[in-house]
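Working notes for the structure below.
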Amino acid sequence: MSNIAEIAESQLHDPFYLKSVTELGDEHTLVTTRDVCSSSGIKLVSSGTRFDSSLYQKLLQHKLAPPLDQCLSTESSVTSASLVAELPGLFAQDGWLQSMKSAITDVGIFSEILSKVPLHPSIAFKLTVMREKRPELFRHSLYLALVCIYIGIRHRLDSNKLVHLASAALLHDIGILHIDPALLEHNHTLSDAERRHLYAHPLTAWMILKECTDYSQEVLDAVLQHHERLDGSGYPLGCEGDAIGLYGRILAVAEIVASRQGDANSPLERMRLEAILKLNSRRYGRQLIGYLDVFYRNNAEIPPCTEAGKQVIRDQLDSTLSAIAGWERLWDAQHPGSHAFETIDKRIRNLKMEMLDAGLSPLGNIDSMKDIEEAPRACFEMHILLEEVVWQLHGVLDEIRRRWPDLGSEGPASCGTQAQSWIIETEKTIKPTRNVNSNHIA
C-alpha cells in the first residue's frame with residue numbers, strides 16, 4: 001500500500017496533467033484567477049494572465065501550490081446544464097442505454113439526478129480538461145453515471161443517494177488525468193511499473209476529492225473502491241466483502257457495461273455480456289449483477305459454429321484445465337504457508353466455483369463438447385465463457401505480480417520460485433483474447 005500511496009502522491013504533480021491544461025489554453029481562453037506559485041512560495045504566473053502552452057516548461061520545474069485547478073477559469077467550463085445536454089446524444093447512439101431508458105417509467109430521472117451533482121469549481125475545471133483533452137474518458141464517466149443511476153433505481157435508492165452515486169461515477173476516473181495517456185492505448189502492453197501507476201489512479205482521485213467539502217465520505221469511498229472486488233482481488237487496497245461500500249460495488253458492476261459501450265448495438269455482444277456475468281457473480285455480487293439483465297434480453301440469431309471454431313474451444317478448454325490442474329498439483333505437493341501461495345490457491349478455487357455456477361465444469365469430464373456439435377448457441381456461449389475464464393486467470397496472475405513483485409524469492413524453500421514458474425508457464429500457454437475499451441477497465 002505504501003508504494004501505491006507514494007505513486008498516487010507523485011501523480012498529483014505529474015507533467016501529463018500540466019501538459020493537458022496548458023494545451024487546453026491554446027484552444028480555449030484560460031485565465032489565472034490567482035497567482036500561480038511554487039510549493040516554496042515563488043510566484044510563477046501572476047493573476048489575470050492568459051494561460052497556454054508557452055508556460056509549460058517554466059511550470060514543469062516546480063510543484064505548484066495550490067493546484068492549477070484552483071487557479072484557472074474558462075468560459076467553456078463543464079456545468080450541470082452542459083452535462084444534461086450530453087444525454088440525448090448518448091442515448092441515441094447506444095442500444096444498451098436505450099434498453100435501460102425504456103425499462104423505467106420516469107425517463108427524466110437521469111437529467112434530474114445529473115443536474116444535482118455538485119460541481120466544485122476546481123472539479124468542474126478538471127471535468128472540462130477531461131471533456132476537451134480526453135473525450136473518450138469523459139464519455140465513459142458520463143455513461144457510467146447513467147448506468148449507476150439505473151442500478152440505483154433498481155436497488156430502490158432515494159434521490160439524495162442517487163445524487164451521491166452519480167457524483168462518484170462521474171468523478172471516479174479523474175485520477176486517470178494524471179497518468180500518461182499512452183498507457184491507455186489499445187495496443188500498448190503495460191510493464192509492471194506502468195501497471196502500478198494505473199493501479200494508483202483510484203487513490204489519486206480520492207486525494208483530489210478529499211480536498212473538496214462538496215463530496216460526502218460515501219462518494220470518496222466509492223471513488224477509492226471502484227476497482228475493488230468482493231473476493232479481495234481488486235485494487236488499490238485489496239478490500240473484500242462488506243469492507244467495500246454499496247456505492248463502490250455499484251460502480252464496479254456498472255463498469256462491466258460501461259467498458260463495453262459501442263458494442264451495445266450487436267445482439268451477439270449482448271449475449272457475450274450475459275455469458276461474462278455468469279462467471280462474475282462471486283466477484284461483484286449476485287443481486288447487483290441481476291440488475292444488468294435489461295442489457296442482454298434478446299433473441300439473437302447465433303451463427304453456426306464452424307469446425308475451426310469447435311477446435312478453438314477444445315484447445316482453449318484443454319489449456320485452461322491443464323493450467324488449473326498444474327496449480328493444484330503444485331499446491332498438493334507444497335502446501336506452504338506463503339501468503340502469495342495461499343492467495344493464488346484461493347483465486348483458483350473461486351474460479352472453479354464460478355465455472356460451476358456458469359455451467360462449465362472445471363473437472364474435464366464434461367459433456368458440454370457434445371452439446372456444441374448441434375447447438376450454435378451452446379457453442380457461442382462456451383466460447384465466451386472460456387474467454388472470460390482465461391481473462392480471469394490472467395487477472396489472478398496480474399494480481400500476484402502486483403502484490404508480490406519479488407515472488408521468486410518469497411516464502412519457504414522453493415515455493416516462491418515454483419509459483420513463479422507456474423505463472424510464467426500459464427502466461428505462455430494461455431493468451432487472453434477478450435477485448436475491452438481501455439487498459440484501466442481491466
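The values are calculated or read from the model by the stated rules, or taken from the named source; none is laboratory data. Note that the structure is a prediction, hence the values are computed from the model and not measured. Positions of Cβ are generated from backbone atoms using ideal geometry, with glycine treated the same way; all protein chains shown enter the neighbour counts.
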- Query: Looking at (1) touching a residue at least 60 places away in the same chain (Cβ under 8 Å); (2) under 21 Å from Gln225 (Cβ atoms); (3) among the aliphatic types (A, V, I, L, M), can you tell me which one Met100 breaks?
  - Reply: (2)
- Is at least one residue of the range 404-414 modelled with pLDDT of 75 or more, farther than 30 Å from Phe138 by Cβ and within 25 Å of the chain's Cα centre (by Cα)? yes
- Checking Val45 against (1) exposed (fewer than 15 other Cβ atoms within 10 Å of the Cβ); (2) modelled with pLDDT of 95 or more, which test does it fail? (1)
- Query: Of Lys63, Lys58, Lys43, which residue is touching a Leu at 6+ places or on another chain (Cβ under 8 Å) and farther than 22 Å from Ala254 by Cα?
  - Reply: Lys58
- Message: Can you tell me which residue is modelled with the highest pLDDT among those in the range 331-382 that are surrounded by 17 or more Cβ atoms within 10 Å (Cβ to Cβ), of a type in the set (A, V, I, L, M, F, W, C) and in a loop (DSSP other than H, G, I, E, B)?
- Response: Ala358
- Task: Answer yes or no as to whether Ser233 is crowded, with 20+ Cβ neighbours inside 10 Å, among the small types (Gly, Ala, Ser), touching a residue at least 60 places away in the same chain (Cβ under 8 Å) and closer than 17 Å to Asn350 by Cβ.
- Result: yes
- Message: Looking for something assigned by TED's automatic domain parsing to the domain that holds Val129 and modelled with pLDDT under 90 - is there at least one such residue anywhere in the range 215-227?
- Response: no
- Answer yes or no: is there a residue in the range 38-47 that is within 30 Å of Gly238 (Cα to Cα), outside the structural domain of Leu119 (by TED's automatic domain parsing) and not basic (Lys, Arg). no
- Item | Residues that are under 24 Å from Glu6 (Cβ atoms), touching a Leu at 6+ places or on another chain (Cβ under 8 Å) and not charged (D, E, K, R), drawn from the range 148-183 | Leu171, His172, Ile174, Gly175, Ile176, Leu177, His178, Ile179, Leu183
- Message: Looking at the range 309-326 only, could you name the residues that are modelled with pLDDT of 85 or more and small (Gly, Ala, Ser)?
- Response: Ser319, Ser322, Ala323, Ala325, Gly326
- Which of the residues that make up the range 137-160 are free of Cβ contacts under 8 Å to residues at least 60 places away in the same chain, more than 30 Å from Ala182 (Cβ to Cβ) and not acidic (Asp, Glu)? Ile149, Ile153, Arg156, Leu157, Ser159, Asn160
- Query: Would it be correct to say that Val36 is farther than 28 Å from His140 by Cα and surrounded by 14 or more Cβ atoms within 10 Å (Cβ to Cβ)?
  - Reply: yes
- Sole residue being in a helix (DSSP H, G or I) and over 23 Å from Trp206 (Cβ atoms), chosen from Ser54, Ser73, Ser47: Ser54
- Pairs, first on the phi > 0 side of the Ramachandran plot in the range 27-55, second surrounded by 11 or more Cβ atoms within 10 Å (Cβ to Cβ) and among the aliphatic types (A, V, I, L, M), C-beta under 9 Å, six or more apart: Gly41/Ala65; Gly48/Val31
- Would you mind finding the one in Val163, Val147 that is among the aliphatic types (A, V, I, L, M), in contact with a Lys or Arg (Cβ under 8 Å, 6 or more places away or on another chain) and under 28 Å from Gly108 (Cβ atoms)? Val163
- Take the residues of the range 11-33 that are assigned to a loop (DSSP other than H, G, I, E, B) and out of contact with any His (no Cβ under 6 Å at 6 or more places or on another chain): which is farthest from Phe138 (Cα to Cα)? Thr33
- The residue that is nearest to Arg260 (Cα to Cα), considering only those in the range 184-195 that are surrounded by fewer than 19 Cβ atoms within 10 Å (Cβ to Cβ) and not polar (S, T, N, Q), is His186
- Message: Suppose the filter is of a type outside the set (A, V, I, L, M), over 24 Å from Gly290 (Cβ atoms), buried (at least 17 other Cβ atoms within 10 Å of the Cβ) and touching a residue at least 60 places away in the same chain (Cβ under 8 Å); does His172 pass it?
- Response: no
